[in-house]
Amino acid sequence: MKKIVRLTEQDLVTLVKKVIKEQSNNFKAQATVEGDMVMEFPVIQLKEWGKDVYMEIKDPQTGKQLTVTNFKGPIVFAGTSKVQYRDSYFSNISLKNWNQIASKYNIPVVVVN
Amino acid sequence: MKNIIIPLFFALTSIQSTKSIKIVHIQPLGSVNNNTIQVIKKSVESFYGFKCEIRKEIPLTEDILASSKIRYEANKILSKYKSSENILLITEKDIAYHDKKRNVKEWGIIGLGYRPGTVCVVSTYRIERNVSNQRFTDRLRKVSLHEIGHNLGLDHCDKDPKCMMNDAKGTVREIDQEKIYLCPNCKKLIGIK
């Protein structure tokens, strides 16, 4: 038996806000990888550790979790640090704007002390 | 179980089957020799089995120039012509990759393509210098098919040194080592025999 739920105006506002928030959390970090591929990686989280920022991303091809340090250079497997892509350069996220991107797109940030 | 299903889902969805592409539009950027265009057309049609349509030449504009103003920036070209249609942009001008962070202002390249995606760009500038027409044609075929391979979702291949999906590592010489051939693993990934 189906249950009918009546939503109040406030419920609808909350629901719409939730949907907008979820939709906005879809930032994809764009990088030129190994010199001749442009790839878009969904961002899982950012980790600030001293002066370095580690970005945890998902490989769009395999779904495996990868990590890149300071938005450039080798992209490695998160668990093993084995190199997946020998070189990268991210064009829409950098050491200058990562904080703003994280807050705008609701990306979790972990600070390691 | 979830850990198995999610990567499998990504692997299945992000590699495009060659059957899903019917037409590749060849778009000359600036003046391009007709022979060059015909070589690409024949290669793409015979290798991948796609139909190619040649578009009318469009001019290279200032907004896609690199900072030196003597080369064109490949990333800007891809962004400008990003499309839902499959497009191979071809130019005789030099194209570069801009990397401020590694203090490399402009790194001249031969091709760049979305992976996976629908658009790629190939420049003949660095593959035709000081070589015979035969070698140039051979390189042109390999680079064009390589970039379309990236559009189809193929990564650089390290399983077979002759596979044309090998990483050129910034040198033209690497391309000369390859064959117009995909290794069984790459073929399997995009569903061609």
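The values are calculated or read from the model by the stated rules, or taken from the named source; none is laboratory data. This one's a predicted model, so the numbers in the text were calculated from it and none came from an experiment. With ideal geometry, Cβ positions are generated from the backbone for all residues, glycine too; neighbour counts draw on all protein chains shown. These area figures cover heavy atoms from the full protein model, side chains too; ligands, DNA and RNA do not enter into them. Shrake-Rupley method; radii C 1.70, N 1.55, O 1.52, S 1.80 Å.
If you take the Cα Rg of segment A:1-111 and divide it by 2.2 N^0.38 Å, with N the number of residues, what do you get?
Normalised by 2.2 N^0.38 Å, the Cα Rg of segment A:1-111 equals 1.34.
List the aspartates and glutamates whose alpha-carbon lies under 18 Å from that of B:K56, not counting same-chain residues fewer than 8 positions away?
B:E85, B:E92
Any idea what the dipole of chain A comes to, in debye rounded to 20, about its Cα centre with Lys/Arg Cβ at +1 and Asp/Glu Cβ at -1?
For chain A, the charge dipole is close to 440 debye.
With n ≥ 4 as the cut-off for DSSP H runs, can you work out [θ] at 222 nm for chain A, using -39500 (n - 2.57) per run divided by the number of residues, rounded to the nearest 500?
Helices in chain A give a 222 nm mean residue ellipticity of -6000 deg cm²/dmol.
How big is segment B:32-78 in terms of Cα radius of gyration and Dmax, in angstroms?
14.0, 39
Let me cross-check B:R129: its accessible surface, 1.4 Å probe, with only protein heavy atoms counted, in Å² to the nearest 10?
120
Which three extents, in angstrom, do the Cα atoms of the protein assembly as shown have along their principal axes, listed largest first?
For the protein assembly as shown, the Cα spread along each principal axis is 71, 53, 40 Å.
Between A:V16 and B:E92, what FRET efficiency comes out of the Förster formula 1/(1 + (r/R0)^6) with R0 = 51 Å and r the beta carbon distance, rounded to 0.05?
That gives a FRET efficiency of 0.50.
Could you tell me the calculated FRET efficiency between B:S79 and B:K169, based on Cβ-Cβ distance and R0 = 25 angstrom, to the nearest 0.05?
0.50
Given +1 on the Cβ of Lys and Arg, -1 on the Cβ of Asp and Glu, and no further charges, what dipole in debye does segment B:122-184 carry about its Cα centre, rounded to the nearest 20?
240
What are the extents of the Cα atoms of segment B:49-193 along their three principal axes, in Å, largest first?
Cα extents, longest axis first: 43, 34, 33 Å.
Which order do B:S83, A:S91 take when ranked by solvent-accessible area (1.4 Å probe, heavy atoms of all protein chains), largest first?
Largest accessible area first, the list is A:S91, B:S83.
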